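The values are calculated or read from the model by the stated rules, or taken from the named source; none is laboratory data. On a predicted model such as this, the values are computed, not experimentally measured, just so you know. Cβ placement follows ideal geometry from the backbone for every residue including glycine, while neighbour counts extend to all protein chains displayed. Areas reflect the complete protein model, heavy atoms only, side chains present, ligands, DNA and RNA absent. Shrake-Rupley method; radii C 1.70, N 1.55, O 1.52, S 1.80 Å.
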Amino acid sequence: MDIKEFLDFIETKQPVEANSKVFEMFHILAQEALKITMEINNKYHTPDEIVDLFSKLTGKKVHPSFKLFPPFYTDCGKNITLGKNVFINSCCKFQDQGGIKIGDGCLIGHSVVIATINHDFNPHNRAKMYPKPVNIGNNVWIGSNSTILPGVNIGDGAIIAAGSVVINDVLKNTIVAGNPAKIKKEIRF
């Protein structure tokens, strides 16, 4: 299985069976991601070098306006898509096998977790996984220590307050907070 076949399968949102070709690809991509993130995280790199390394990690050309403060962790890398002027602060953890799309002008705070895979509830079938992408609109601010769970869509201009656990879609131009995150305010200009 090549990367295109893998990404095409994941896009179908079908379950990933244990020991399938897709399951094996998870492990292959994880090893590549570990190698690249170790390079990112364990020595100083200029902003241009970070853009180059992140492009290698994602397998896509990352816009030169991208900024990252390491360390950064992911267990795939190839299913992250970034817009322009994205900033990711230190200690973020992306589980991107199911797909993470981040729009233009987004700010991702310290220690944010974005998850895109759930395991089967049946303990005898726990290795079976269900990919669900996370889509983050333009100009979104995700506060430190927030967790975004699989399948969540965050609308343009939204703010996720620090420490929130986002289990449902977030409307554009709203502020959500809490566990689970709930709308606290609409943003008016």
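First compute the accessible area of the chain with a 1.4 Å probe, then give the percent of it belonging to carbon and sulfur atoms.
Values: 5520 of 9900 Å².
Its accessible area is 56 percent carbon and sulfur atoms.
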Tell me, how many Å apart are the Cα centres for the range 115-187 and for the range 7-33? 22
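Can you tell me how much longer the chain between His124 and Ala30 gets when fully stretched, taken as 0.36 nm per residue apart minus their C-alpha distance, in nm with one decimal? Intermediate results must be reported in sequence, preceding the final value.
Working: separation 94, 0.36 × 94 = 33.84 nm, distance 2.42 nm.
The His124-Ala30 span can extend by a further 31.4 nm.
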Arrange the peptides 38-50, 92-104, 13-25, 67-79 so that the one whose residues have, on average, the most other Cβ atoms within 10 Å appears first. 92-104, 67-79, 13-25, 38-50
HN-Hα J in Hz across the range 71-76 - Karplus 6.51, -1.76, 1.60, θ = phi - 60°, x for Gly and Pro: x, 9, 10, 8, 10, 8
Membrane-span-like helices (DSSP H runs, Cα span along own axis at least 18 Å, mean Kyte-Doolittle at least -0.5) in the chain -> 21-41
Per residue, how large is the accessible surface of the range 89-180? Use a 1.4 angstrom probe and give square angstrom. 42
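Calculate, for Asp48 and Lys172, the FRET efficiency according to 1/(1 + (r/R0)^6) with r their C-beta to C-beta distance and R0 30 Å; round to the nearest 0.05. Intermediate results must be reported in sequence, preceding the final value.
Numbers: r = 33 Å, r/R0 = 1.09.
Efficiency computed from Cβ-Cβ geometry: 0.35.
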